[in-house]
Amino acid sequence: MRAAAVCLWLLVLSGCAGIQSPLSPAGEQADALRSLFMLMMIVCGGVYLLVLAGLLWSILRARTCHQTGAGAGAGGDRRLDRGLYTAAGAIVVGLTVLIVGSFIADRALVAAREDDAMIVRVTGHQWWWRIEYRDPASGRWIETANELHLPLGRTARVELASGDVIHSFWVPNVSGKIDMIPGRRNIIDLTPRRLGWFRGQCTEFCGTQHAHMAFDVKVDSQPEFDAWLARQGSGAMAEKQDGHGATIFLRACGSCHTVRGTAATGRAGPDLTHFASRRSIAAGTLPMSRGGIQGWLAQPQALKPGTSMPAVPLLPADADAVATYLETLR
Ligand code: HEC
Ligand SMILES: [Cu+2]
């Protein structure tokens with residue numbers, strides 16, 4: 001019996017760990033939010049228990065009073081008054097604790113120092129994420145998509161925009177969430193405190209493929225991050241740009257996709273300059289693999305019905321060459 005209870009408890013708790021959980025914080029802001037959540041659980045749990053105890057007490061009391069005929073009169077009224085005052089006092093104290101706790105948590109969310117922050121711009125599209133970093137050296141913007149890299153211990157100030165409808169940006173392990181509203185620029189700070197992979201997700205219903213609008217988050221050490229950003233900033237490998245796959249890509253896909261360093265400069269879809277360095281395909285819809293790439297090219301509308309990427313009719317040999325070409329975009 002005891003073992004079963006322990007197992008059940010572990011099972012319940014295991015739902016709280018993982019790469020997409022606010023209860024397993026890996027960032028300063030998520031840490032503050034979890035503390036607030038715990039405080040709310042304790043205060044509201046306490047109030048809940050108090051109400052149940054009061055209920056139980058009155059049921060038992062009503063029964064004994066009924067049997068003995070006691071309890072009526074001035075003595076009973078006094079006890080009732082005392083109970084009411086206690087309840088009111090508990091509510092005032094509980095609410096005050098919650099207000100102070102929420103104030104402290106709110107301050108922690110915006111506590112990061114402005115001058116130290118790294119600027120990242122994230123734009124939501126149905127149903128993928130355009131991600132741009134400001135290159136510290138040149139000041140120009142480096143574009144990528146669907147995978148957010150962050151340096152450990154440094155605050156990233158993420159400027160959020162939308163290209164179409166309202167989306168919402170949330171990396172539960174690292175920070176809170178905030179809406180991405182057309183015509184408006186919302187800002188959220190992320191200060192990661194643990195290395196590793198996490199998962200972000202759109203949290204505002206934005207159309208039929210809303211659930212397929214996720215992104216991978218990688219927290220790197222600062223040197224690893226710098227190397228990654230430098231690689232993302234570079235163009236595609238030049239020696240791969242004259243093959244059959246590259247030619248087909250330019251003709252069939254270049255009007256919607258950019259591969260920097262080539263004539264493909266479309267902006268309707270994700271930047272593919274370093275596509276094969278990402279971990280998943282189409283905003284977390286498929287894992288990155290040869291099969292995944294081929295499947296996505298063959299039938300994007302079956303894998304993600306309604307997506308703005310059309311199925312482009314290609315001869316099998318051409319589709320194969322394009323898939324090989326995409327794999328070289330590291
Ligand atoms: C009409 C514009 C358009 C054309 C043409 C187009 N795409 Fe796309 N593509 C998109 C859009 C939009 C997305 C994002 C879809 C989504 O995730 O919902 C996308 C996504 C992708 C992705 C996933 C990117 C990522 O970051 O995971 C790949 C790979 C891709 N396209 C390759 C191609 C190839 C190869 C061709 C040519 C055969 C092509 N696309 C033609 C618009 C287009
Ligand atoms: Cu969305």
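The values are calculated or read from the model by the stated rules, or taken from the named source; none is laboratory data. Here the structure is a predicted model, which means the values were calculated and not measured. All Cβ positions, even for glycine, are placed from backbone atoms using ideal geometry, and neighbour counts span all protein chains on display. Just so you know, the surface numbers come from the protein's heavy atoms only, side chains and all, with ligands and any DNA or RNA stripped out. Shrake-Rupley method; radii C 1.70, N 1.55, O 1.52, S 1.80 Å.
So the values come out like this:
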{"read-out": "Inter-label distance, nm, simple model (7 Å from Cα along the C-beta direction), ILE19/SER58", "value": "5.1"}
{"read-out": "Positive-end residue of GLY101, ALA88, LEU229, charge dipole of the chain with Cβ unit charges", "value": "ALA88"}
{"read-out": "Rounded to the nearest 20 debye, dipole of the stretch 151-259 from Cβ charges on Lys, Arg, Asp, Glu", "value": "200"}
{"read-out": "Three-way shape call for the stretch 238-328 based on the alpha-carbon gyration tensor, with the a/c threshold at 1.5", "value": "rounded"}
{"read-out": "Charge dipole (the stretch 238-328, unit charges on Cβ, about Cα centre) - positive-most of PRO300, PRO316, GLY261", "value": "PRO300"}
{"read-out": "Difference of contour (0.36 nm per residue) and Cα-Cα distance, MET38 to ALA298", "value": "88.8 nm"}
{"read-out": "Carbon/sulfur fraction of accessible area - the stretch 238-328, other protein chains in place, 1.4 Å, %", "value": "61"}
{"read-out": "Spatial extent of the chain: Rg and Dmax, with the Cα atoms as the point set, Å", "value": "27.4, 99"}
{"read-out": "Residues of the chain: accessible area per residue with a 1.4 Å probe, Å²", "value": "54"}
{"read-out": "Mean residue ellipticity (222 nm) of the chain, computed from DSSP H runs ≥ 4 via -39,500 (n - 2.57), nearest 500", "value": "-14000 deg cm²/dmol"}
{"read-out": "Degrees separating the helix 2-14 axis from the principal Cα axis of the chain, which is the longest one", "value": "50"}
{"read-out": "Length added when fully stretched, CYS65-LEU195, from 0.36 nm per residue minus Cα-Cα", "value": "40.5 nm"}
{"read-out": "Simple Cβ-charge dipole of the stretch 238-328, Lys/Arg +1 and Asp/Glu -1, about Cα centre, in debye nearest 20", "value": "300"}
{"read-out": "Under Karplus coefficients 6.51, -1.76 and 1.60, residue-wise ³J(HN,Hα) of the stretch 139-148 in Hz, glycine/proline x", "value": "x, 7, 8, 10, 9, 8, 8, 6, 8, 9"}
{"read-out": "Highest-MSF residue in the chain out of ASP220, ASP271, ASP81 [GNM, Cα springs under 10 Å]", "value": "ASP81"}
{"read-out": "Centroid-to-centroid separation of the stretch 176-239 and the stretch 105-137 [C-alpha atoms, Å]", "value": "9"}
{"read-out": "Dipole in debye (nearest 20) - the chain, about Cα centre, beta carbon charges: Lys, Arg +1; Asp, Glu -1", "value": "960"}
{"read-out": "Three-way shape label, the stretch 149-218, alpha-carbon gyration tensor, a/c 1.5", "value": "oblate"}
{"read-out": "Highest-MSF residue in the chain out of LEU50, LEU272, LEU39 [GNM, Cα springs under 10 Å]", "value": "LEU50"}
{"read-out": "Residue (of ILE42, VAL120, GLY153) at the positive-pole extreme of the chain, dipole from beta-carbon charges", "value": "ILE42"}
{"read-out": "Karplus 3J(HN,Hα) series, Hz, for the stretch 157-174 with 6.51 cos²θ - 1.76 cosθ + 1.60 (x for Gly, Pro)", "value": "9, 9, 9, 9, 9, 10, x, 8, 9, 7, 10, 9, 9, 8, 10, x, 5, 10"}
{"read-out": "Among LEU23, LEU195, LEU55: highest mean-square fluctuation, GNM of the chain, C-alpha pairs under 10 Å", "value": "LEU55"}
